[in-house]
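> Just dropping this structure here.
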Amino acid sequence: MSVKRDSFSVSITVGAYGSAFGAAAVAADFSVLQACLLSLLLFSGASQFAVVGVIAAGGTPINAIATSTLLGTRNGLYGLRLAPLLKLRGWKRVVAAQITIDESIGVALAQKDEAQMRKGFWYTGFGVFIFWNLFTLAGALGAQSIGNPSAWGLDAAVPAAFLGLLWPRLSDRKSWVLAGFAILLALSLTPFVPAGIPIISCTALAIIIGWRK
Amino acid sequence: MSTFWIAVIGSSALAFVIKFVGASVPETFLSNPRILRINTLIPVALLTALIAVNTFADKTKLVLDNRALGIVAAIALLIAKAPFPVVVVGAAITSGVAYRYI
């Protein structure tokens, strides 16, 4: 029973947050259709916000794709972790891959035995997928109807959303140090290089700081 | 094809490739501790940079505007352990009000 309850509460809470994505995408001049396609096809919150954030900051599409893809690499590692447990074959592997995200893995790994883990993965993956997409549409339509996004503070909703995603990751000293350097590097590069480059450049900081134990 | 469509289709395709490869290759691959460590740090670096740029940059200019107040509100709400949607809505309201009065 409890795995169902966990999956549902995670799905609805995280899904509701899709409305912030839909609104942010439309505020950055994506169409409602494009916002919805990102939620259906890309389906990974941080990467979706990165596409919108980089384009909103004036970056090129290549930059948006690179930033989004680097943020998505963790989904591949989640898959490595879960694939043996899920015993995936054929079309099931395609579906499982699409719903491999922070939340489905998080709920799965919190369960005690393998059967419960499998349930947690599928329930949460599908649950978040359904609610995230419904709320994306709602948020996008809402933002489309309100006019100037700055007057409604939607321009601040994008960085606030990133902050909400970053916050739980600032779990140790190393992360805080990295975050501090990333702010310095991104802002000091901003006046000198094309938009989007300052963001992706910060990958180098993660490699430098993560290299040593 | 427009900037927006290239970004939407390109990022979606690569996101799926990563997820699918992860679900298909043997587990021992990529389980090197250094790669795992860097992998957990990459989102921290990119998310922080995205926050900084989306708050303090306007194309290639550094600016201090209503968005900064929105972020201050978001930090305060996170420290107060507010839930996710409250943080985003709180930042938006603060920034929207600031936009009107400054």
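The values are calculated or read from the model by the stated rules, or taken from the named source; none is laboratory data. All values reported here derive from a predicted model rather than from experimental measurement. Heads up, the Cβs are rebuilt from the backbone with ideal geometry, glycines too, and the neighbour counts pull from every protein chain shown. Accessible surface areas use protein heavy atoms only, side chains included; no ligands, DNA or RNA. Shrake-Rupley method; radii C 1.70, N 1.55, O 1.52, S 1.80 Å.
> Please quote Rg/Rh for segment A:123-213 to two decimal places, taking the Kirkwood radius as Rh and restricting both calculations to Cα atoms.
Numbers: Rg = 17.4 Å, Rh = 16.2 Å.
Value, to two decimals: 1.08.
> A further question follows. Leaving out same-chain residues fewer than 8 places away, which lysines sit with a Cα under 21 Å from that of B:LYS59?
Within the straight-line limit of under 21 Å, B:LYS59 reaches no lysines at all.
> Further, regarding this structure: Let me know the shape class of segment A:1-159, please: from the alpha-carbon gyration tensor, a ≥ b ≥ c as square roots of the eigenvalues, rounded when a/c is under 1.5, otherwise prolate if a/b is greater than b/c, or oblate.
Cα axes put segment A:1-159 in the prolate bin.
> Would you mind telling me which residue in A:SER68, A:SER201, A:SER11 has the biggest mean-square fluctuation in a Gaussian network model of chain A, where springs connect alpha carbons within a distance under 10 angstrom?
Of A:SER68, A:SER201, A:SER11, the Gaussian network model singles out A:SER201 as fluctuating most.
> With N set to the residue count of segment B:33-84, report its C-alpha Rg divided by 2.2 N^0.38 Å to two decimal places. Write out the running numbers ahead of the final one.
Details: Rg = 14.3 Å, N = 52, 2.2 N^0.38 = 9.9 Å.
Relative to the rule-of-thumb radius for its length, segment B:33-84 sits at 1.45.
> Per residue of chain B, what 222 nm ellipticity follows from adding -39500 (n - 2.57) for every DSSP H run with n ≥ 4, rounded to the nearest 500?
On the way: 4 runs with 78 residues, N = 102.
Value at 222 nm, helices only: -26000 deg cm²/dmol.
> Mind pulling the angle between the C-alpha long axis of helix B:84-101 and the longest principal axis of chain B? Nearest 10 degrees, somewhere in 0 to 90.
40 degrees
> A follow-up question, please. Rounded to the nearest 10 degrees, what's the angle between the helix A:18-27 long axis and the longest principal axis of chain A, both from Cα atoms, 0 to 90?
Between the helix axis and the principal axis of chain A, the angle is about 30 degrees.
> Could you check the spin-label model distance between A:ILE208 and B:ILE35? Points 7 Å from the Cα along Cα→Cβ, value in nm.
According to this spin-label approximation, the distance is 2.4 nm.
> Over the residues of the protein assembly as shown, compute the C-alpha Rg and express it relative to 2.2 N^0.38 Å.
Numbers: Rg = 18.6 Å, N = 315, 2.2 N^0.38 = 19.6 Å.
After normalising by residue count via 2.2 N^0.38 Å, the value is 0.95.
> If you bin every alpha carbon distance in segment A:86-177 into 10 Å steps from zero, what whole percent lands in each bin?
Using 10 Å bins, I get a P(r) of 14, 29, 29, 23, 6, 0 for segment A:86-177.
> If DNA, RNA and ligands are ignored and the probe is 1.4 Å, what is the ranking of A:ASP172, A:ASP102 by accessible area, most exposed first?
A:ASP172, A:ASP102
> Quick one: of A:LYS92/B:LYS81; A:LYS112/B:LYS19; A:LYS119/A:LYS174; A:LYS119/B:LYS19; A:LYS4/A:LYS87; A:LYS87/B:LYS81, which pairs are farther than 31 Å apart, Cα to Cα?
Values: A:LYS92/B:LYS81 38 Å; A:LYS112/B:LYS19 25 Å; A:LYS119/A:LYS174 34 Å; A:LYS119/B:LYS19 19 Å; A:LYS4/A:LYS87 21 Å; A:LYS87/B:LYS81 38 Å.
Where the Cα-Cα span goes over 31 Å, the pairs concerned are A:LYS92/B:LYS81; A:LYS119/A:LYS174; A:LYS87/B:LYS81.
> Kindly provide the helix-only [θ] at 222 nm of chain A, computed as the sum of -39,500 (n - 2.57) over DSSP H runs of four or more divided by all residues, to the nearest 500 deg cm²/dmol?
Details: 11 runs with 161 residues, N = 213.
Estimated from H runs of four or more residues: -24500 deg cm²/dmol.
> Can you tell me the orientation of helix B:33-56 relative to chain B, as the angle in degrees between its alpha-carbon axis and the longest Cα principal axis, to the nearest 10?
Once rounded, one gets 30 degrees.
> Taking only the Cα atoms of chain B, how large is their convex hull per residue, in Å³? List each step's numbers first, then the result.
Working: hull volume 17.6 nm³, N = 102.
Per residue, the Cα convex hull of chain B comes to 173 Å³.
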